[in-house]
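*Asks:* One structure, as structure tokens, below. Some questions next.
The values are calculated or read from the model by the stated rules, or taken from the named source; none is laboratory data. All of these numbers come straight from a predicted model, not from anything done at the bench. All Cβ positions, even for glycine, are placed from backbone atoms using ideal geometry, and neighbour counts span all protein chains on display. Surface accessibility is based on the protein's heavy atoms, side chains included, excluding ligands, DNA and RNA. Shrake-Rupley method; radii C 1.70, N 1.55, O 1.52, S 1.80 Å.
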Amino acid sequence: MSAKSPKSETPKSEPPKSETPDPEGPGIVWRRNLPVWVVLMALLALSTWAAYWPYGRIDTAIGFGIAGAKTALVALVFMQLKHASGLVRIVAACGLFWAAILFTLTLADVLSRMANR
Amino acid sequence: MSTTAGTTASPTGLADPDELDLRLPVSYLADGHSVRSWLLTTDHKRIAILYAITITVFFFIGGAAATLVRLELATPEADVLRADTYNKLFTLHGVVMVWFFLIPSIPNTLGNFLVPLMIGARDVAYPKLNLISWYLNLGGGLLAVAALLAGGVDTGWTFYVPYSTVFSNTWVSLTVLGVFTTGFSSIATGVNFIGTVHLLRAPGMTWFRLPLFVWAMYTTSLMFVLATPVLAVTLLLVFAERTFGLPIFDPARGGDPILFQHLFWFYSHPAVYIMVLPAMGVVSELITCFSRRKVFGYTFMVYALVAIAVIGFFTWGHHMFTSGMSPYAALVFSFLSFIVAVPSAIKVFNWTGTLYRGQVGFESPMLYALGFVGLFTLGGLTGLFLASIPVDVHVQDTYFVVAHFHYIMVGASVSAYFGGLHFWWPKITGRTYPETWARFAAILMFFGFNLTFFPQFIAGYLGMPRRYHVYPPEFQIWNVLSSAGAAVLAAAYLMPLGYLTWSLLFGERAGNNPWDASGLEWRTSSPPPRRNFFGSPRVQGGPYNYHPEGVAPVHDQPRLPSRGSLT
Amino acid sequence: MSRVEIEARLREPWSELETDPGTAFARQRDGATLGIWIFLASEVLFFGALFLTYTAARLAHPEAFAAAGRETNIVYGTLNTAILLTSSLTMAVASQAAETGLFRRLTLRCLAATAALGLAFLVVKGFEYREDIEKHLVPGAHFALDRGPAQIFFAFYWLVTVVHAIHLSIGIVLVVRLTVKGWRDPDILAENPQVEVTALYWHLVDLVWVFLYPMLYLPGRSG
């Protein structure tokens with residue numbers, strides 16, 4: 001979190017560049033987040049469209065790949081993981097790593113049972 | 001540990017009227033006497049006491065069920081209980097003991113009490129969450145126990161599908177809901193301990209100066225946080241399938257019951273380590289104190305705790321070798337299960353190494369700790385039998401398995417809980433207990449335990465299956481031995497209830513550091529004040545400073561007796 | 001914030017750290033952030049286990065899942081995904097604006113918008129549930145599709161959407177609580193860790209839905 005506190009100070013310490021300092025402030029917050037939202041919407045549209053492509057399994061992969069991309073965007077920008085402390089990032093990574101253990105070992109059994117049926 | 005905390009004041013018993021002149025703060029026990037001051041407290045020490053009361057009640061409920069089970073098994077015929085009553089009783093025993101006694105036992109009582117004290121903090125990081133966790137535990141416990149006593153559940157504590165979802169006509173849904181609720185109490189505790197250890201260590205208390213008990217609590221918390229949600233989902237799916245007819249595991253509609261077992265054991269295998277890691281933490285504190293020696297290989301002890309906590313998540317499949325799981329996956333799980341034995345063996349080796357050339361004293365906590373090492377070793381070694389697939393196929397679902405996990409969960413964890421309870425009792429209550437009785441109980445517990453469970457290894461290896469109330473007459477000798485041992489064990493468990501209660505009322509005042517132990521928790525009064533410390537603790541050295549740094553241990557000298565009157 | 005204001009906001013045990021109030025408050029903030037992230041890691045395992053049951057069942061019964069997936073209403077599903085993603089935007093803006101402590105009105109408006117979008121999601125979900133019930137998509141004796149494993153798909157659908165809706169409802173309550181507090185006392189939201197904690201939880205609930213969207217609404221669309 002050490003990275004966070006200086007960052008939250010930036011709007012305060014910034015000299016008023018324009019003539020209208022107060023509306024300028026919210027603009028910074030919007031400028032940081034609005035592009036992400038636009039990309040998220042585009043990704044949503046793409047995944048909806050891609051689901052109708054006649055490629056079978058590739059459609060599924062695209063659907064979940066896009067979900068992963070959206071997650072990365074939301075986590076890094078909206079959830080500010082990009083600026084978070086190392087500790088918080090490790091905590092987030094731990095959640096994913098342990099979910100990966102659960103998936104890998106369970107699916108190792110499920111898939112090898114299916115292959116030998 | 002060299003600290004400056006409390007060295008100036010050095011107060012003794014707090015209720016002594018003369019001490020009020022020193023203007024010391026009152027102890028946490030005297031800080032408010034109303035029911036409200038207990039039920040709405042955010043003091044980690046009071047919450048620890050609340051937990052201690054509830055888990056003691058649950059322990060004796062679960063113990064009563066075990067007593068009836070052992071009574072029934074004294075003869076091969078059904079003479080005390082009917083089949084379905086027997087099924088309900090062993091389920092009651094399992095559910096209550098696992099989720100309402102063992103899982104919260106050390107973390108939520110000793111852990112809650114000691115973690116802030118040991119790291120030099122005033123409280124846990126999220127005190128209100130701590131209180132909420134007790135209410136969740138209590139609520140879930142009351143719900144589950146009500147269901148288990150009023151209607152009963154006959155599935156066993158594992159709630160295996162499809163029996164629990166499709167066939168069982170007992171009160172599964174309500175019980176599952178109770179356990180589900182209690183799960184959130186575990187998660188809350190885990191979040192709390194991790195936050196506390198990360199953020200509230202006293203100045204100078206670096207990670208590698210933490211007592212091993214704190215490390216054990218930290219690694220246990222990791223497992224609380226990462227394993228418990230999977231149990232919650234598993235139980236939620238059982239609940240949904242039973243109550244709302246949503247078939248997830250129903251094989252008649254293409255569901256996969258083995259998937260349930262994967263999810264269940266992803267939690268329940270780490271849950272074994274949730275029970276045993278805190279015990280390891282307690283025993284590390286006890287052995288080092290009563291050998292008057294620094295823990296042998298401190299850093300390796302830490303790494304072993306972390307390794308057990310992580311590798312413990314990779315081994316759950318060894319519970320499923322005969323379930324119809326893929327043999328390839330079984331091989332992988334078997335291999336991974338052998339690996340987890342390595343850090344466990346390191347710990348046993350290091351405890352032994354700590355004893356070597358130490359000035360070993362046999363006070364009651366140490367007797368429990370030594371009992372732990374022996375029973376844990378036996379339980380761990382038989383675990384290796386069960387990790388190897390051919391042996392496991394032979395003894396799966398026999399009393400061999402029952403004996404194995406009781407050696408770990410009762411022999412090891414409960415011994416350590418009692419050891420820790422005796423060790424920190426003077427700190428928690430400010431009173432001493434009758435040491436002779438305590439030693440007698442510890443020795444009785446060890447022998448009673450072995451008499452109860454060692455015959456089960458033999459009966460199991462000879463082929464006696466679990467979960468039946470009748471059995472072929474050739475197994476009777478082992479069952480009579482076991483039931484006789486259970487009677488001894490019951491007496492050994494009831495004794496502390498008696499003499500510890502006596503000590504609360506009539507015990508002598510305890511000194512601040514009756515064991516002459518190192519550690520911050522001994523640098524404050526017994527019992528500690530609401531804010532834990534008089535000054536602000538600062539840590540200048542590593543833990544377990546039982547003999548000076550760089551000096552070889554003193555041999556051939558009479559051991560100093562413990563300070564204070566613990567007789 | 002002034003020293004008095006900071007001291008008023010310090011809670012135990014942070015209020016008893018031997019530092020100045022500013023540092024103690026920063027540590028209290030860090031504590032809140034760390035705590036909620038640990039809880040979110042726990043939630044990842046919670047939903048991860050649910051997603052695993054889906055994955056295993058879908059791998060075993062791909063055709064049935066495709067047939068069942070075609071029955072869900074993709075219009076409602078896509079609309080709801082858009083609503084939730086937008087709510088995450090407003091929540092992020094509210095959180096970051098509160099963190100700077102300068103843009104009081106923006107924080108308040110964005111919080112209100114977030115709660116409104118959350119409610120909109122629940123309303124759309126309600127319409128969708130009504131349609132699902134009319135189409136007999138509830139597992140049981142009157143289930144519309146003839147494949148057995150399709151019931152597993154819809155068992156998962158009902159369970160996971162209800163669990164998600166419960167999470168979202170908790171989120172709405174938390175956001176409304178903050179909105180009301182901020183409306184009554186304009187200064188309370190500035191630099192308040194509760195806003196960030198609520199926001200992080202809200203984003204996680206959104207992300208769960210981001211994965212539910214391809215799981216529930218996209219299978220079998222091309223076939």
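*Asks:* Can you go through A:Ala51, A:Ala84 and tell me which one is more than 10 Å from the chain's Cα centre (by Cα), buried (at least 20 other Cβ atoms within 10 Å of the Cβ) and at the interface with another protein chain (Cβ under 7 Å from one of its Cβ atoms)?
*Replies:* Exactly one residue qualifies, and that residue is A:Ala51.
*Asks:* Would you mind stating whether A:Ala93 is more than 7 Å from chain C (Cβ to nearest Cβ) and either touching a residue at least 60 places away in the same chain (Cβ under 8 Å) or farther than 22 Å from C:Asn73 by Cα (or both)?
*Replies:* Considered against the rule, which asks whether it is more than 7 Å from chain C (Cβ to nearest Cβ) and either touching a residue at least 60 places away in the same chain (Cβ under 8 Å) or farther than 22 Å from C:Asn73 by Cα (or both), A:Ala93 comes out as yes.
*Asks:* Output the residues belonging to region B:301-324 that are open to solvent by less than 10 Å² (accessible area, probe 1.4 Å) and either touching a Lys or Arg at 6+ places or on another chain (Cβ under 6 Å) or over 19 Å from B:Val282 (Cβ atoms) (or both).
*Replies:* Selection gives B:Ala304, B:Phe313, B:Thr315, B:Trp316, B:Gly317, B:Met320.
*Asks:* Select from region A:61-81 the residues that are more than 7 Å from every other protein chain (Cβ to nearest Cβ), part of a helix (DSSP H, G or I) and either more than 13 Å from the chain's Cα centre (by Cα) or among the polar types (S, T, N, Q) (or both) and list them in ascending order.
*Replies:* The answer is A:Ala61, A:Ile62.
*Asks:* If I ask for residues that are within 23 Å of the chain's Cα centre (by Cα) and more than 8 Å from every other protein chain (Cβ to nearest Cβ), which ones from region B:224-262 would you list?
*Replies:* Residues satisfying the conditions are B:Phe224, B:Leu231, B:Leu235.
*Asks:* Looking only at region B:191-244, count how many residues are outside any helix (DSSP H, G or I) and out of contact with any Pro (no Cβ under 6 Å at 6 or more places or on another chain).
*Replies:* 8
*Asks:* Would you check if B:Pro270 is open to solvent by less than 40 Å² (accessible area, probe 1.4 Å) and under 19 Å from B:Pro211 (Cβ atoms)?
*Replies:* no
*Asks:* Given the conditions (1) within 14 Å of chain A (Cβ to nearest Cβ); (2) in a loop (DSSP other than H, G, I, E, B); (3) open to solvent by 50 Å² or more (accessible area, probe 1.4 Å), which single one is not true for B:Leu331?
*Replies:* (2)
*Asks:* Scan C:Leu79, C:Leu106, C:Leu50, C:Leu84 and give me the residue that is facing chain A (nearest Cβ under 8 Å), in contact with a helix residue (DSSP H, G or I) (Cβ under 7 Å, 6 or more places away or on another chain) and of a type outside the set (Ser, Thr, Tyr).
*Replies:* Matching residue, one of C:Leu79, C:Leu106, C:Leu50, C:Leu84: C:Leu106.
*Asks:* Let me ask something else. Give the residues of region C:21-47 that are over 30 Å from C:His164 (Cβ atoms) and either away from chain A (no Cβ under 14 Å) or open to solvent by less than 10 Å² (accessible area, probe 1.4 Å) (or both), sorted by residue number.
*Replies:* C:Pro21, C:Ala24
*Asks:* When you look at C:Ala8, is it open to solvent by less than 20 Å² (accessible area, probe 1.4 Å) and either more than 25 Å from the chain's Cα centre (by Cα) or facing chain A (nearest Cβ under 9 Å) (or both), yes or no?
*Replies:* In short, no.
*Asks:* Which of the following residues is crowded, with 20+ Cβ neighbours inside 10 Å and part of a helix (DSSP H, G or I): B:Phe440, B:Phe423, B:Phe405?
*Replies:* Step by step, each of B:Phe440, B:Phe423, B:Phe405 is checked, and only B:Phe423 is crowded, with 20+ Cβ neighbours inside 10 Å and part of a helix (DSSP H, G or I).
*Asks:* Which residues, taken from region B:511-541, are surrounded by 21 or more Cβ atoms within 10 Å (Cβ to Cβ), among the small types (Gly, Ala, Ser) and within 14 Å of chain C (Cβ to nearest Cβ)?
*Replies:* Within region B:511-541, none qualify.
*Asks:* Kindly list the number of the only condition in (1) open to solvent by 20 Å² or more (accessible area, probe 1.4 Å); (2) under 19 Å from C:Leu122 (Cα atoms); (3) within 11 Å of another protein chain (Cβ to nearest Cβ) that fails for C:Tyr201.
*Replies:* (1)
*Asks:* Select, from B:Val470, B:Val480, B:Val488, the only residue that is under 20 Å from B:Gly379 (Cβ atoms), surrounded by fewer than 24 Cβ atoms within 10 Å (Cβ to Cβ) and not polar (S, T, N, Q).
*Replies:* Testing whether each residue is under 20 Å from B:Gly379 (Cβ atoms), surrounded by fewer than 24 Cβ atoms within 10 Å (Cβ to Cβ) and not polar (S, T, N, Q) leaves just B:Val488.
*Asks:* Spot the failing condition for B:Gly245; the list is (1) without any contact (Cβ under 8 Å) to a residue 40 or more places away in the chain; (2) open to solvent by less than 10 Å² (accessible area, probe 1.4 Å), and only one is missed.
*Replies:* Looking at each condition in turn, B:Gly245 falls short on (2).
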